[in-house]
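Enquirer: Take a look at this one; I'll ask things after.
What follows is calculated from the coordinates using simple rules that are stated; it is not laboratory data. Everything numeric here is computed off the predicted structure, so don't read it as measured data. Note that we place each Cβ from the backbone using ideal geometry, even for glycine, and neighbour counts take in every protein chain shown.
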């Protein structure tokens, strides 16, 4: 999946959602990448998209074409 700014989503990315919310990508279903807190066995049934641990509602599943405006703020491990 790609964000609204065309960057490819990766686990560990810090993102802004609709400008007012924040989150961290914890699973990339398209790329088969899952954090230790979101094991593949529990989440692969969602099929596509990404899971974001949000500051407003915990884990939220987003798919390509979502109405929410999600942009990359910082890559995992970047300062």
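Enquirer: Residues being over 12 Å from the mean Cα position of the chain (by Cα), crowded, with 16+ Cβ neighbours inside 10 Å and not in a strand (DSSP E or B): count how many of those fall in segment 18-65.
Expert: The number of residues fulfilling the criteria is 1.
Enquirer: Every residue in segment 32-79 that is touching a strand residue (DSSP E or B) at 6+ places or on another chain (Cβ under 9 Å) and on the phi > 0 side of the Ramachandran plot, please.
Expert: 49, the sole residue that qualifies.
Enquirer: Now a separate question. What about residue 71, is it touching a residue at least 60 places away in the same chain (Cβ under 8 Å) and part of a strand (DSSP E or B)?
Expert: Taking the combined requirement at face value, the residue satisfies it.
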